[in-house]
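The block underneath contains the structure these notes are about, expressed in structure tokens.
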Amino acid sequence: MNLTIISIHLNHYEGFKSTFTSVNELYKNGTTFKWIIKDGGSDLEILIKIKRDLDLLEKNTITFMSCVDKGVYDAMNEAILGLSDNEMVLFLNCGDELTPEFINRINKESLRELDFVYSDTLIKGSSEKFISPENIDFAYLVGKTINHQSYLIRSKLLKQFPFNTHFSIVADWVQLMEIFRKEKPGVKKLNFPISIYEGGGISEKQNDLRILQRAEYLESIFSEWELKSIIKLSRIRQRSWYDFIIKALDSPKRSLILKLLSRY
């Protein structure tokens with residue numbers, strides 16, 4: 001497996017240290033992989049510390065780049081530019097960590113025919129976790145997503161569907177929607193978690209903007225036929241994101257949605 005880990009960083013040295021320690025455990029386990037750290041132009045003092053830490057590893061598979069970018073999704077796009085088409089990429093941002101299960105078991109997984117491998121997500125400092133579905137379908141992605149810290153994705157897909165930076169806080173969700181709508185990726189859910197998520201991401205802090213940006217994307221892709229198909233999924237009423245769908249589609253199409261809902 002050609003594994004590449006990409007970490008985005010900006011003035012968060014303590015977060016970098018926790019990710020550094022975690023990634024170093026993967027090196028110690030004998031896993032062959034590349035690690036790309038894309039820094040957005042941190043303070044000089046922090047850059048010196050990071051470079052000092054990376055020098056201790058003495059690994060020629062580490063790439064460190066620091067230049068001002070337009071945000072996390074722009075940085076992620078920059079980081080994938082030099083990748084070949086056949087790499088499996090994990091976006092593990094600074095502050096996130098790999099789980100011991102991933103470190104010890106990923107080498108034993110056969111991923112050759114797969115394009116998208118995902119898992120549940122552990123939350124740092126909490127006994128709770130994000131549970132991912134056993135199968136990713138259209139209905140799930142309409143209202144939910146998979147944490148990008150908890151999936152490996154084939155680099156050819158990342159280059160074919162780069163992060164749309166117009167969607168400043170939901171570009172990873174938009175990317176998954178585009179991939180699953182337009183491609184037929186080989187998909188597998190792992191029975192162990194990939195990452196421990198630090199939390200506090202930008203989409204968590206700006207829920208209203210998150211809903212507005214999702215709405216803008218959904219309105220750009222749904223036809224009347226697709227809207228009817230969504231409404232007919234009886235399980236939609238059993239999901240916590242049912243209200244979210246109505247809010248996200250708060251548009252001229254809302255009257256059609258409400259009319260259809262009254263039939264079920």
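Read-outs throughout are calculated quantities, based only on the coordinates presented, and are distinct from any laboratory measurement. Just so you know, these numbers come straight off a predicted model, no measurement behind them. A quick note on method: Cβ atoms are made from the backbone with ideal geometry, for glycine too, and the neighbour counts reach across all protein chains shown.
Here each label is just a point 7 Å from Cα along the line to Cβ, and for Asp208 and Asn191 those points are 4.6 nm apart. Ordered by the number of other Cβ atoms lying within 10 Å of each residue's own Cβ, fewest first, Glu25, Glu113 fall into the sequence Glu113, Glu25.
Model label points for Lys159 and Thr63, set 7 angstrom from Cα along the Cα-to-Cβ axis, are 1.1 nm apart. The label point for Asn135 and the one for Arg105, both projected 7 Å from the Cα toward the Cβ, are 2.2 nm apart.
With a/c under 1.5 counting as rounded, go ahead and sort segment 12-110 into rounded, prolate or oblate using the C-alpha gyration tensor (a ≥ b ≥ c being the square roots of the eigenvalues; past the cut-off, prolate if a/b is larger than b/c, else oblate). Since a/c reaches 1.5 but b/c is at least a/b, the shape of segment 12-110 is classed as oblate.
Shown is the FRET efficiency for Ser126 and Leu44, computed with R0 = 30 Å from the Cβ-Cβ distance and rounded to the nearest 0.05: 0.30.
Separation of the alpha carbons by more than 29 angstrom is noted, of Lys49/Lys159; Lys59/Lys159; Lys28/Lys144; Lys124/Lys182; Lys38/Lys144; Lys59/Lys156, for Lys49/Lys159; Lys28/Lys144; Lys124/Lys182. Under 5 Å between amide hydrogens, built in the peptide plane, is the criterion, and for Ser195 it picks out Thr99, Leu122 among residues at least 5 positions away or on other chains.
The H on the amide N of Thr63, modeled in the peptide plane, is under 5 Å from the matching H of Trp35, Ile36, Ile37, each at least 5 residues off or on a different chain.
Listed by chain and number, the aspartates and glutamates placed with their C-alpha closer than 16 angstrom to that of Lys129 are Asp96, Glu97, Glu101, Asp120, Glu198, Glu204; residues fewer than eight positions away on the same chain are left out. Simple point charges give the picture: +1 on the Cβ of Lys and Arg, -1 on the Cβ of Asp and Glu, and for segment 159-203 a dipole about the Cα centre of about 300 debye. The magnitude of the dipole of segment 1-148, with charges of +1 and -1 set on the Cβ of Lys/Arg and Asp/Glu and taken from the Cα centre, is near 300 debye. Taking amide H atoms as placed 1.01 Å from N in the peptide plane, the amide H of Asp96 lies under 5 Å from those of Glu198, each 5 or more residues away in sequence or on another chain.
In terms of surrounding Cβ atoms within a 10 Å radius of their Cβ, Tyr13, Tyr118 rank from fewest to most as Tyr13, Tyr118. All other residues whose Cβ lies under 9 angstrom from that of Ser195 are scored, Lys and Arg at +1 and Asp and Glu at -1, for a net of -2. Packing-based ranking of 2-12, 121-131 yields 2-12, 121-131, ordered from highest to lowest mean Cβ neighbour count within 10 Å.
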